[in-house]
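The values are calculated or read from the model by the stated rules, or taken from the named source; none is laboratory data. As the structure is a prediction and not an experimental result, all values here were calculated from the model. Note that we place each Cβ from the backbone using ideal geometry, even for glycine, and neighbour counts take in every protein chain shown. What goes into the accessible areas is simple: the full protein's heavy atoms, side chains included, and nothing from ligands, DNA or RNA. Shrake-Rupley method; radii C 1.70, N 1.55, O 1.52, S 1.80 Å.
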Amino acid sequence: MIDYNVLRKTGAGIFKVLAKAKDLEQAGKKILHFEIGQPYENTPEHIKQAAKDALDENFTGYVESSGIHELKEAIRDEVQNTRGFKPSLNQVLILPGANSGVYYALRAVIDNTNQEIIYPNPGFPTYGSVVSYLNAGDKAVRIKEENEFRLNPIDLEDKITINTKVIILNSPQNPTGSVMKKQEIQRIAEFAEEHNFYILSDEIYSKMIYDEEFYSCSVRDECRERTLLLDGFSKSYSMTGWRLGWIIAPEKMIDRMNLLISIGVSCTSSFIQKAGTAALKGPQDSIHENMIEYRKRRETIVKGLNEVKGFSCLTPQGAFYVFPNIIKTGMTSQECADHLLNHGIACLPGTVFGSNGEGYLRFSYATSIETIKKGIKLIKNAFE
Ligand SMILES: Cc1ncc(COP(=O)(O)O)c(C=O)c1O
């Protein structure tokens, strides 16, 4: 039996903030938005042009459910350039967004309800929702501020049982912006090898990293045995609305996921895949330029939030989120987010990302530096 109320609860915090922000805006109040996890920049011109060209060439029919050949090849090259190994084309699957890949991957891996999924809490809300939707064993593992919000292998080891089937890793992480150390990821990969479970490595923010080195556990088995590497175009190429992602996995799992795609959506949109090919093969300057801007925004928001009474904020190493601790305000996360909304600031209570997000807020700084500066002033006023 699926408990739809559990699913509804997961998204409820986000929708509550969005609905209230909209009401306030309709009533004429100006709201500064820090709640949405999407880049503020536009999709680069050459990517848009590739989609327009594909439409003009009438590339508008159904395509292979697993994805078009040229995009799969581009992804294979991308994996070689960024992770150092070349998967076979049968290990590549194109997805209508990485979000759906979380479901496809876990659905493909989980065979029965005794099996358990370990995943980070706080973490990307889809993980917990899919675990509950599949009726799988829920083994959320707390990620702690003491460890700079990096998933600690020791905490994770406590959750491993004979029923563990898969662990979800996400580095750089949503909502905290933490980036795991190579040794931490390696230790977790060793657990997976020792106890024979899968790893779903959500690497959607892999190109959005500051001073740390990016490490992917996929290099260990080249996604031939136990690693499912999930990535996409939304964040690094500012393509959230295009709905395009990809996954590299053992062929058996690709086969299962491909079946689900063909039943559910038939295929990912044809002309969108042409745009994705242009994104990977074309100039990558926009990513480097954006990261220079994100670095400035990160400094401004972290410094500003640390000056707010009752707030303390670590410097994240990746993505475009900060996750300040607000315990000293004496408010719950929801109260604090509501209070800020009344002062013209929309952000998310940490609890949107799981129970261990209590005591925190999430701000997305994928916005202009002017908005960040104005926002900090309003937040300071709200807590004077
Ligand atoms: C950690 C994480 N994984 C996956 C996704 C989904 O990305 P997409 O837009 O490709 O569905 C997001 C989006 O916010 C995310 O934060």
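Evaluate the following for L156: is it away from the ligand (no atom under 16 Å from the Cβ) and either outside any helix (DSSP H, G or I) or free of Cβ contacts under 8 Å to residues at least 60 places away in the same chain (or both)? Let's see the steps before the verdict.
Details: away from the ligand (no atom under 16 Å from the Cβ): yes; either outside any helix (DSSP H, G or I) or free of Cβ contacts under 8 Å to residues at least 60 places away in the same chain (or both): yes.
Taking the combined requirement at face value, the residue satisfies it.
Can you name every residue in region 215-250 that is aromatic (F, W, Y) and open to solvent by less than 30 Å² (accessible area, probe 1.4 Å)? Working first, answer last.
Filtering region 215-250 down to residues aromatic (F, W, Y) leaves 215, 233, 237, 242, 246.
Passing the criteria: F233, Y237, W246.
Which condition number does V102 fail, the rest of (1) outside any helix (DSSP H, G or I); (2) within 16 Å of the ligand (Cβ to nearest atom) being met?
(1) is the only condition that V102 fails.
Restricting the first residue to region 277-302 and requiring it to be closer than 21 Å to L314 by Cβ, which pairs with a second residue that is open to solvent by 50 Å² or more (accessible area, probe 1.4 Å) and assigned to a helix (DSSP H, G or I) meet a Cβ separation below 8 Å and a spacing of at least six or different chains?
As it stands, the answer is T300/K373, since those pairs meet every condition given.
Return the only residue of A366, A279 being buried (at least 23 other Cβ atoms within 10 Å of the Cβ) and in a helix (DSSP H, G or I).
Values: A366 fails: in a helix (DSSP H, G or I).
Sole residue among the options that is buried (at least 23 other Cβ atoms within 10 Å of the Cβ) and in a helix (DSSP H, G or I): A279.
Any idea which of L348, L340 is buried (at least 22 other Cβ atoms within 10 Å of the Cβ), within 17 Å of the chain's Cα centre (by Cα) and modelled with pLDDT of 95 or more? Spell out how you get there, then give the answer.
Values: L340 fails: within 17 Å of the chain's Cα centre (by Cα).
Step by step, each of L348, L340 is checked, and only L348 is buried (at least 22 other Cβ atoms within 10 Å of the Cβ), within 17 Å of the chain's Cα centre (by Cα) and modelled with pLDDT of 95 or more.
Determine the pairs where a residue that is among the aliphatic types (A, V, I, L, M), located within region 204-215, has a partner that is open to solvent by 20 Å² or more (accessible area, probe 1.4 Å) with Cβ atoms under 8 Å apart, the partner being 6 or more residues away or on another chain.
So the pair list comes out as I204/K235; M208/K235; M208/M291; I209/Q317.
Out of I117, I188, I162, report the one residue that is more than 15 Å from C217 (Cα to Cα), away from the ligand (no atom under 16 Å from the Cβ), modelled with pLDDT of 95 or more and out of contact with any Ser or Thr (no Cβ under 7 Å at 6 or more places or on another chain).
Values: I117 fails: away from the ligand (no atom under 16 Å from the Cβ); I188 fails: more than 15 Å from C217 (Cα to Cα).
Being more than 15 Å from C217 (Cα to Cα), away from the ligand (no atom under 16 Å from the Cβ), modelled with pLDDT of 95 or more and out of contact with any Ser or Thr (no Cβ under 7 Å at 6 or more places or on another chain) holds for just one of I117, I188, I162, which is I162.
Just to be sure I understand, how many residues within region 311-324 are open to solvent by 20 Å² or more (accessible area, probe 1.4 Å) and either in a strand (DSSP E or B) or closer than 12 Å to I379 by Cα (or both)?
At the first step, the residues of region 311-324 found to be open to solvent by 20 Å² or more (accessible area, probe 1.4 Å) are 312, 314-315, 317.
In the following step, the residues that additionally are either in a strand (DSSP E or B) or closer than 12 Å to I379 by Cα (or both) were identified as 312.
The total comes to 1.
One line per residue, one yes/no per condition, for (1) closer than 30 Å to E194 by Cβ; (2) within 16 Å of the ligand (Cβ to nearest atom):
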position: T240; (1), (2): no, yes
position: R243; (1), (2): no, yes
position: M253; (1), (2): yes, no
position: L259; (1), (2): no, no
position: S262; (1), (2): no, no
position: S269; (1), (2): no, yes
position: G276; (1), (2): no, yes
position: E289; (1), (2): no, no
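Please determine whether any residue of region 30-43 is surrounded by fewer than 18 Cβ atoms within 10 Å (Cβ to Cβ), more than 27 Å from N290 (Cα to Cα), over 18 Å from the mean Cα position of the chain (by Cα) and away from the ligand (no atom under 16 Å from the Cβ).
Looking for residues that are surrounded by fewer than 18 Cβ atoms within 10 Å (Cβ to Cβ), more than 27 Å from N290 (Cα to Cα), over 18 Å from the mean Cα position of the chain (by Cα) and away from the ligand (no atom under 16 Å from the Cβ), one finds none in region 30-43, hence no.
Out of P122, P87, which single residue is more than 16 Å from the ligand (Cβ to nearest atom), in the same structural domain as S262 (by TED's automatic domain parsing) and not hydroxyl-bearing (S, T, Y)? Full working, then the answer.
On the way: P122 fails: more than 16 Å from the ligand (Cβ to nearest atom).
One residue alone meets the criteria, P87.
If we keep just the residues of region 325-337 that are open to solvent by less than 30 Å² (accessible area, probe 1.4 Å) and not in a loop (DSSP other than H, G, I, E, B), which is farthest from G28 (Cα to Cα)?
First pass over region 325-337, keeping only residues open to solvent by less than 30 Å² (accessible area, probe 1.4 Å): 325-326, 333, 336-337.
Checking which are not in a loop (DSSP other than H, G, I, E, B) leaves us with 325, 333, 336-337.
Values: N325: 31, S333: 26, C336: 22, A337: 20 Å.
Ranking the candidates gives N325 first.
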